[in-house]
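The values are calculated or read from the model by the stated rules, or taken from the named source; none is laboratory data. Predicted, not measured: the structure shown is a model, and the values here were computed from it. All Cβ positions, even for glycine, are placed from backbone atoms using ideal geometry, and neighbour counts span all protein chains on display.
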Amino acid sequence: MALKGTDIVKRLPEGGKKNCRECGFPTCFAFAMKLAGAGASLDKCPYLSPEVKAELEDALAPPIKLVSIGSGDNSLQIGNEEVVYRHEKTFVHQPGVALLISDKEAEAEVDEKIKKIKDLQFPWVGLTLRADLLALQFESGDKAKFEALVKKVCDSTDFSIVLMSEDVDALLSARSICGDRKPLLYPVTKDNIDKVISGIKDSPTPVAVRGNSVEELIPLTVKLKDAGIEEVVLDPGSKNMQEAIRDQTLIRRASLKQNFRPLGYPTIGFPCFLAKDEIREILFAAMFVIKYPGIIVLSDIDESSLLPLLVHRLNIYTDPRIPMSVEEKVYEIGEPNEDSPVLVTSNWALTYFIVASEIEGSKVPTWLCVKEAEGLGVLTAWAAGKFSGDSVGPFIKKSGVEGKVKHRKLVIPGKVARIRGELEEALPDWEIIVGPREASEIPAYLPGLVKKWKN
Amino acid sequence: MEYKAPLETYSGKVGEVVIGKGEKAIKIGGESVLPFHFFEGTIENRPRIALEVYDTEPEGWAEWVREPYKDVLSDPAGWAKKCLDFGADLVCLRLASTDPAGANAPADKAADMVKQVVSAIKAPVIVCGSGDEAKDVEVLTKVAEVCDGDKLLLGPVVKENYELISKAALDHGHCIIAQTPLDINLEKELNVKLLKSLPLDRIVIDPLSSALGYGMEYSFTIMERTKHIGVMFGDGTMQMPIIADLGGECWKTKQAKESQEQGLLWESVTALSLLLAGANILVLRHPESLKLMREVVDGRI
């Protein structure tokens, strides 16, 4: 429930009738409308009293505070989300995946985990997927040991850091080691809040508050805000998956639907403490990707558990308003050679993924020509005039596939069998073959085709 | 500023569909809150979980998906019983043999086999044709006739073939799966057409389930929107329960074939997402994924 332009204009000089134009807009009303849409800054108006300015600033702030953890290229931005469900617009800031290291763990285990978080990177449709943070936990009771862990992580990695300790002194001394990294401190509770505030108020870093319920968080965040600590993350202390869904949903709704400031912060989730084993941790984490936290902490990661989680995060945070498409080019599936089949399809990402995965399943190395069609599926693209014989023909010519194969046989999707005639005219050297209607038929189709050619 | 928990009230309710007859019957749907929103109302019927059974021994399965079924892969009735031993609520019998592009088995042979499986187990059965629009009409209408009164869930029914199959379902007391290709407008269009001849409590919708990394977010969002339209906005043409048939999609991915753990997570993460979006029936392939999803729907995780 953001502030409307019509409400803002009343607070501007002379009730919005000054119209001095010094802000660069023709009227106070136009300026107010821009402010409401976050398209202008309050600083542009030289006549606002400090009180009104502070009041408007507060009212115009995003309903969920943007919190930034870490510094430099590896810093993580969370919060600033605008919707409860991704189809209402889109989710914006992907949650950071954190790997937990306790100072009780043996040296070798610590080294292994640091190595894992560095090494586990996955290429995926042109992106590199990886975990984002290290969460360092004080459990040993020996402060020196915790400090040594923090120091080691700072010296050997540039990951952003979450510092976790029930002992405030240990938390603060660890912070002094890695203050330049802008670590997140966890947990701030009703019992330690005064001590934390006095320890960090001179140079605040982000803090995460923990309560036993959503309600318990409210007085804590109010107190932090009064002390000038604005970058806050919430942990409502949920005990199981259903409680977590409830608490996360209530926090998200309170901030977005009620503009309730004390809960207008991103959250943190701890699959590492909620789940009894690694596979269930990933399930908790997958739930959290959908149900809101900005940071998700895991006790361990490996190749086969981290990849599904990171792909899932990418899927859920894809902007649903933009049709997903892949680049127009000739893709190599398997290791095709000059005798391998040539297939053509449209560039909707889903079409590409499915066709590519079915070709892989067929075990026949193939050249897959993907034609730009505004991210539409084959049949829709044909209906929209983006996959006609007249446009597929020239695309095949300029794609370079003619330099890659000896033969001139092109397999087209069965759903657009009707473009065959046009294509034969556009590509007189090529034999046009109508392939299967469904991608799922490719594994049965391709081996037979290749066998036929051999004979 | 006073905090008042932002609870919502809902105007719509998902239709309740009964599958299976007599003691075997199970109910799906019926909820009038969003998925897992136990804090806003009661959800009487938890999501149900089916495991797949094939009428012919499947090819190309990774060894870790074959292993649990290895002694029953060519015995559909035995396979179905095994699914129940693993804890499935119902089975999804796939008539792969009827595919005209494959063995092209005749409809009456397939129907007899369905009857055998139905008689062999104490749980409801979902029966899926090969997906060939024309052949499925022959096969599914025959199945409907031979299994008269067994209250099967028959599918997929698509806009090209819904008339004859839904008539057979109505005449012989079965329910159908209305399938549309990842498009909420087509989904509604088919529902509207079906509702002219079938009551709401005979229809389950299948907006298609894509696997993680292969378009899962489309399935997720269509299911989530369907629930919103049905439950929050009370649109009576979008209040059927949803089936998420995802096991096969997940296990055919390259990633699921690379390792057992990755495959299990590929299936489980997809299944969990679609549960959160609002699926009322999951169709899974691996018994271990079933175990995990059971914990989720029972609130034991």
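A few comments on the model shown:
- Checklist (1) within 12 Å of another protein chain (Cβ to nearest Cβ); (2) part of a loop (DSSP other than H, G, I, E, B) applied to A:Leu379, failing item: (2)
- Comparison of A:Phe25, A:Phe29 shows that the only residue that is of a type in the set (Phe, Trp, Tyr) and either under 30 Å from A:Pro183 (Cβ atoms) or in a helix (DSSP H, G or I) (or both) is A:Phe29.
- Filter result (in contact with an Asp or Glu (Cβ under 6 Å, 6 or more places away or on another chain) and within 14 Å of chain B (Cβ to nearest Cβ)) within region A:422-442: A:Ala439, A:Ile442
- Counting only helices (runs of 4 or more DSSP H) that sit wholly inside region A:387-455, those with at least 1 residues that are aromatic (Phe, Trp, Tyr) are A:389-399, A:442-454.
- Only residues that are in a strand (DSSP E or B) and either of a type outside the set (A, V, I, L, M) or within 8 Å of chain A (Cβ to nearest Cβ) (or both) were counted in region B:1-17, giving 1.
- Annotation: of all residues in region B:277-291 being surrounded by 21 or more Cβ atoms within 10 Å (Cβ to Cβ) and under 21 Å from A:Leu307 (Cβ atoms), the one that is farthest from the other protein chains (Cβ to nearest Cβ) is B:Arg285.
- Number of the exception - B:Ala25 against (1) in contact (Cβ under 8 Å) with a residue 12 or more places away in the chain; (2) more than 20 Å from the chain's Cα centre (by Cα): (2)
- Sole exception among (1) within 13 Å of chain A (Cβ to nearest Cβ); (2) crowded, with 18+ Cβ neighbours inside 10 Å; (3) in a loop (DSSP other than H, G, I, E, B) for B:Met240, by number: (1)
- The residues of region A:326-343 that are more than 14 Å from A:Pro443 (Cα to Cα), outside any loop (DSSP other than H, G, I, E, B) and either touching a helix residue (DSSP H, G or I) at 6+ places or on another chain (Cβ under 6 Å) or of a type in the set (Lys, Arg) (or both), listed by number, are A:Lys329, A:Val330, A:Val342.
- Residue identified as facing another protein chain (nearest Cβ under 7 Å) and under 23 Å from A:Lys65 (Cβ atoms) among A:Ile282, A:Ile290, A:Ile251, A:Ile268: A:Ile290
- Within region A:225-253, the set of residues being small (Gly, Ala, Ser) and either more than 21 Å from A:Phe91 (Cβ to Cβ) or free of Cβ contacts under 8 Å to residues at least 12 places away in the same chain (or both) comprises A:Ala227, A:Gly228, A:Gly237.
- Residue check, A:Gly448 surrounded by fewer than 16 Cβ atoms within 10 Å (Cβ to Cβ), over 16 Å from A:Tyr352 (Cα atoms) and within 14 Å of chain B (Cβ to nearest Cβ): yes
- Qualifying residues in region B:39-56 (those that are of a type outside the set (S, T, N, Q) and within 14 Å of chain A (Cβ to nearest Cβ)) - the one nearest to A:Val214 (Cα to Cα): B:Phe39
- Yes/no for B:Asp235 being out of contact with any Leu (no Cβ under 7 Å at 6 or more places or on another chain), surrounded by fewer than 24 Cβ atoms within 10 Å (Cβ to Cβ) and acidic (Asp, Glu): yes
- Within region B:1-43, the set of residues being loosely packed, with under 15 Cβ neighbours inside 10 Å and out of contact with any Asp or Glu (no Cβ under 7 Å at 6 or more places or on another chain) comprises B:Met1, B:Glu2, B:Lys4, B:Ala5, B:Thr9, B:Ser11, B:Gly22, B:Glu23, B:Ala25, B:Phe38, B:Thr42.
- When the residues of region A:293-306 are filtered to those that are in a helix (DSSP H, G or I) and surrounded by fewer than 24 Cβ atoms within 10 Å (Cβ to Cβ), the one that is nearest to the other protein chains (Cβ to nearest Cβ) is A:Ser304.
- Whichever residue in region A:229-245 is surrounded by fewer than 21 Cβ atoms within 10 Å (Cβ to Cβ) and within 30 Å of B:Glu261 (Cα to Cα) and, among such residues, is nearest to the other protein chains (Cβ to nearest Cβ): A:Gln242
- Any hit, region A:307-325, residues being under 30 Å from A:Val401 (Cβ atoms) and either in a strand (DSSP E or B) or away from every other protein chain (no Cβ under 11 Å) (or both): yes
- For region A:409-455, the candidate set comprises residues that are touching a strand residue (DSSP E or B) at 6+ places or on another chain (Cβ under 6 Å) and of a type in the set (Lys, Arg); within that set, the residue that is farthest from A:Ala381 (Cα to Cα) is A:Lys409.
- Count of region B:211-224 residues, restricted to those that are touching a Cys at 6+ places or on another chain (Cβ under 8 Å) and either farther than 30 Å from A:Trp124 by Cα or facing chain A (nearest Cβ under 7 Å) (or both), is 1.
- Taking strands (runs of 3 or more DSSP E) as the structural unit, those lying wholly within region A:56-174 and holding at least 2 residues that are β-branched (Val, Ile, Thr) and crowded, with 16+ Cβ neighbours inside 10 Å correspond to A:67-69, A:96-102, A:160-164.
- Top-ranked residue of region A:254-263 - restricted to ones that are more than 18 Å from A:Ala208 (Cβ to Cβ) and surrounded by 20 or more Cβ atoms within 10 Å (Cβ to Cβ), ranked as farthest from the other protein chains (Cβ to nearest Cβ): A:Leu256
- Of all residues in region B:122-146, those being surrounded by fewer than 24 Cβ atoms within 10 Å (Cβ to Cβ) and farther than 27 Å from A:Ala439 by Cα number 5.
- Going through (1) at pLDDT below 95; (2) closer than 17 Å to B:Glu40 by Cβ one by one, A:Gly228 falls short only on (2).
- Restricting region B:174-210 to residues that are at the interface with chain A (Cβ under 9 Å from one of its Cβ atoms) and in contact with a helix residue (DSSP H, G or I) (Cβ under 7 Å, 6 or more places away or on another chain) leaves a set whose member that is farthest from A:Val289 (Cα to Cα) is B:Leu182.
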